[in-house]
Amino acid sequence: MKNRGVSIIEMLVAVAVLMVLATAVIPLYHWDEKRRRENRLRVSLQTMRDAIDQYNKYMTEGLLQPQDLDQCAIAAAPDTCWPLTLEELVEGVEVGDPQSPDLQTIKFLQRIPVDPFTEQAEWGLRSFQDDWDATDWGGENVYDVYSLSPLRALDDTYYSEW
């Protein structure tokens, strides 16, 4: 009579091989998820920085007028004027020749992006007058944004330094 079944030893070996493969796949999934979050963080930061630069370009071209002296790093220097808040970029500003009655509202951002690591739409802000590595916002204007996450990236840098 021929045996048609699988022995217990063969079954245990198969389960052991599957467990080894599963323990190799789980960390790869976590790294892949972290890499995707890092890409979303890069895109969010670049989107906000581009919007801030676009706002500054409109100021430089004279299409926007400063609302506050603190908005400009140097008084009466339109090439160093930045938005007062991130919300201003979402709500929009009136753009056009100050001499013309035809002004249009431009929104530089559709919404403030969510930080993929803190899962909140809150960002660290720096004004032009702050130090490059300041962690407290001076409140004069928004010159730069950074993540509030205390975590380290796959390249061992902190997300707040991006």
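The values are calculated or read from the model by the stated rules, or taken from the named source; none is laboratory data. A quick note: this is a predicted structure, and the numbers were derived from the prediction, not measured. So basically every Cβ, Gly included, is an ideal-geometry build from the backbone, and we count neighbours across all protein chains shown.
Can you tell me which residue is farthest from K57 (Cα to Cα) among those in the range 134-159 that are of a type in the set (S, T, Y) and buried (at least 16 other Cβ atoms within 10 Å of the Cβ)? The residue in question is S149.
The residues of the range 108-162 that are over 21 Å from Q54 (Cα atoms), among the acidic types (D, E) and over 15 Å from the mean Cα position of the chain (by Cα), listed by number, are D131, D133, D136, D155, D156. When D131 is tested against (1) touching a residue at least 24 places away in the same chain (Cβ under 8 Å); (2) surrounded by fewer than 16 Cβ atoms within 10 Å (Cβ to Cβ), exactly one condition is not met: (1).
From the list D32, D79, pick out the single residue that is among the acidic types (D, E) and at pLDDT below 85.
Working: D32 fails: at pLDDT below 85.
Answer to the check: D79.
Of all residues in the range 22-69, those satisfying the criterion of being crowded, with 17+ Cβ neighbours inside 10 Å, out of contact with any helix residue (DSSP H, G or I) (no Cβ under 6 Å at 6 or more places or on another chain) and closer than 24 Å to G92 by Cα are L41, S44, L45, M48, I52, Y55, N56, Y58, L63, P66. Within the range 1-12, residues that are assigned to a helix (DSSP H, G or I) have Cβ atoms under 6 Å from residues that are at pLDDT 85 or above and surrounded by 10 or more Cβ atoms within 10 Å (Cβ to Cβ) in no pair, counting only partners at least 6 apart in sequence or on another chain. Looking only at residues in the range 115-162 that are part of a loop (DSSP other than H, G, I, E, B) and of a type in the set (A, V, I, L, M), the one that is farthest from R42 (Cα to Cα) is A134.
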